[in-house]
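The values are calculated or read from the model by the stated rules, or taken from the named source; none is laboratory data. Remember, it's a predicted structure, so these values are computed and weren't measured experimentally. Backbone-built Cβ (ideal geometry, glycine too); neighbour counts: all protein chains shown. All accessible areas refer to the heavy atoms of the entire protein, side chains included, with ligands and DNA or RNA removed. Shrake-Rupley method; radii C 1.70, N 1.55, O 1.52, S 1.80 Å.
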Amino acid sequence: MDPDALTPELLLYGYQSGVFPMAEGRDDPEIFWVDPKRRGVFPLDGFHISRSLARTLRRDDYRVRIDTDFAGVIEACADRPETWINAEIAELYQQLHDAGHAHSLEVYDLDDQLIGGVYGVVLGAAYFGESMFSRRRDASKIALAWLVDRLRAGGFRLFDTQFLTSHLASLGAVEISRAAYRRQLAEALSYEAKFTGPGPATGQELLQRRTQMS
């Protein structure tokens with residue numbers, strides 16, 4: 001694969017092959033493929049909701065939407081001192097979104113301001129999480145809780161986080177070997193799942209549905 005000739009189709013082929021693209025920084029035009037020896041994944045039945053997060057989810061001071069501001073989520077994810085999202089990557093993922101292969105989940109406050117979100121790529125029953133951001137305390141945790149609910153309800157079998165961070169580990173993410181990841185990926189790609197179905201209306205409903213699916 002030639003990173004100098006990246007296309008949305010080539011990106012999808014990369015995900016199917018177990019690799020993903022990155023840049024060294026926002027202003028670095030070079031893009032390279034990454035194939036970690038150890039891969040971060042989120043077991044969909046292992047997302048940890050603490051008591052404090054449950055209280056946050058029950059608060060009626062935020063709203064969750066799907067695919068209403070994909071470009072805004074990418075822009076917010078790249079708006080940090082160090083980022084792997086350059087202009088070409090942002091444009092390529094926008095094209096994937098336009099083609100129905102990439103999706104965003106957004107968290108808004110009651111003034112309709114975007115305060116958190118996550119975006120990723122969908123293939124078969126695999127969700128490849130790319131990046132997330134938070135402009136308010138716990139906004140990224142809210143986004144992940146609603147994302148995991150959506151993936152479980154939609155029939156997904158793999159939630160790839162690429163790398164394992166301490167933040168993700170505290171919520172239940174784990175690290176597996178490259179070989180184990182490839183096995184999970186192959187299985188997930190052999191199934192179909194739905195990302196854009198209806199979700200819970202409130203945080204309380206999300207918590208109730210989580211209990212029912214357990």
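Tell me, which residue of the range 37-47 that is at pLDDT 95 or above and not hydrophobic (A, V, I, L, M, F, W, C) is farthest from Val19 (Cα to Cα)?
Taking the candidates together, the pick is Pro43.
Which residue pairs have Cβ atoms closer than 8 Å, lie 6 or more positions apart in sequence or on different chains, and pair a first residue in the range 8-23 that is at positive phi with a second residue that is surrounded by 19 or more Cβ atoms within 10 Å (Cβ to Cβ)?
Listed pairs, sorted by first residue: Gly18/Tyr181; Gly18/Leu185.
Output the residue which, of all residues in the range 160-191 that are among the hydroxyl-bearing types (Ser, Thr, Tyr) and not in a loop (DSSP other than H, G, I, E, B), is least open to solvent (accessible area, probe 1.4 Å).
The extreme case among them is Tyr181.
Suppose we keep only residues that are assigned to a helix (DSSP H, G or I) and β-branched (Val, Ile, Thr) within the range 67-107. Which one would you say is farthest from Arg150 (Cα to Cα)?
Ile89
Name the residues in the range 192-214 that are closer than 16 Å to Asp45 by Cβ and either free of Cβ contacts under 8 Å to residues at least 24 places away in the same chain or open to solvent by 80 Å² or more (accessible area, probe 1.4 Å) (or both), would you?
Thr211, Gln212, Ser214
Return the residues of the range 56-66 that are more than 15 Å from the chain's Cα centre (by Cα) and either of a type outside the set (Lys, Arg) or not in a helix (DSSP H, G or I) (or both); say none if nothing qualifies.
Of everything in the range 56-66, those that are more than 15 Å from the chain's Cα centre (by Cα) and either of a type outside the set (Lys, Arg) or not in a helix (DSSP H, G or I) (or both) turn out to be Thr56, Leu57, Arg59, Asp60, Asp61, Tyr62, Arg63.
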